[in-house]
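Any read-out appearing in this document is the output of simple, stated calculations on the displayed coordinates, not a laboratory observation. Because the structure is a prediction, the values reported are computed rather than measured. Cβ coordinates were reconstructed from backbone atoms using ideal geometry, including for glycine residues, and neighbour counts include every protein chain displayed.
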Amino acid sequence: MKTVTFNTMLIIFISILFITSCGLPSYSVVEAPIKTSTDSETVLVSFAAPSDHSNISGYEVYYKIYPASNETEIKSDREQFNISNSSYTFEFGSKKPLSLGFRRLQYGELSGNTLEPQDVFLSIPLISNDITAPINLQENDELEINFSSTDGRIIINGTTVWYPLRYIKDIDGNLKTFSSNSGDIEGDDDANGVESSTPYSISFVAFSYVSAIISTYQSSVPVFLGTISR
């Protein structure tokens with residue numbers, strides 16, 4: 001049986017210290033969006049950018065569709081984002097929304113009576129912190145997703161800027177709307193059991209986005225914004 005010498009132990013200790021202290025960046029988590037809508041609202045959800053957004057690149061919004069009768073799944077998903085929940089798991093950015101079946105929100109603009117989708121599948125982040133970007137949110141600005149109209153609207157500080165679209169394309173290759181007709185939802189990859197002629201609901205979450213590739217900061221935890229009835 002070989003005896004481990006003091007010098008060998010010292011080399012092992014120094015190696016472990018080097019590995020654990022060097023080469024791996026230390027990340028700070030940015031502030032999350034501030035939910036401004038209430039759980040009792042059924043046609044809109046909203047959030048405000050935090051006052052300290054200097055290290056935030058922008059904001060991501062994710063959605064999930066449910067049959068309106070599926071209150072159990074809606075409540076269960078909502079609890080996954082409840083930090084006060086004793087079983088809450090800290091996961092940052094899109095990891096938790098994706099694991100629960102949420103999809104990334106898209107947007108389009110209205111040209112005359114035609115809704116024109118924007119090619120934002122690869123646009124990161126969806127809502128920028130850059131004031132020159134088509135859709136951007138500055139510190140303390142409020143963004144609202146409002147479905148009091150047929151196709152819904154994305155509103156920033158009271159002004160409609162874009163229209164919400166799903167991460168689903170129709171036969172013409174255009175992104176689809178959150179139609180008030182559940183028949184337009186049935187059978188799609190994001191339908192989650194919604195059937196024609198039945199009401200459905202949409203839950204939304206949002207998080208502050210940071211690209212860890214170019215920053216030592218990390219995206220925030222996702223915030224549950226609320227559930228809309230259609």
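Each residue, S84 and Y27, gets one label point 7 Å from its Cα in the Cβ direction; the gap between the two is 2.8 nm.
Taking 0.36 nm per residue of separation and subtracting the Cα-Cα distance, full extension of the segment from S54 to K75 would add 4.2 nm.
Applied to the stretch 83-89, the Karplus parametrisation 6.51 cos²θ - 1.76 cosθ + 1.60 on θ = phi - 60° returns per-residue 3J(HN,Hα) values of 4, 6, 5, 4, 9, 4, 10 Hz, with x for Gly and Pro. Charged neighbours of S196, selected by a Cβ distance under 14 Å, balance to -3 (K, R count +1; D, E count -1).
Which net charge results for the neighbourhood of S180, defined as the other residues with beta-carbon distances under 9 angstrom from its beta-carbon, given Lys and Arg at +1 and Asp and Glu at -1? Display every interim value, and only then the final one.
On the way: positive: R230; negative: D151, D184.
Net charge around S180: -1.
A crude spin-label estimate for the pair S149 and D172, with each label 7 Å from Cα along the Cβ direction, gives 1.9 nm.
Amide H contacts for F178 (H built 1.01 Å from N in the peptide plane; partners 5 or more residues away or on another chain; cut-off under 5 Å): R166. The phi-based Karplus calculation (6.51 cos²θ - 1.76 cosθ + 1.60; θ = phi - 60°) puts the 3J(HN,Hα) values of the stretch 63-70 at 10, 9, 9, 9, x, 4, 6, 8 Hz, whole numbers, x for Gly and Pro.
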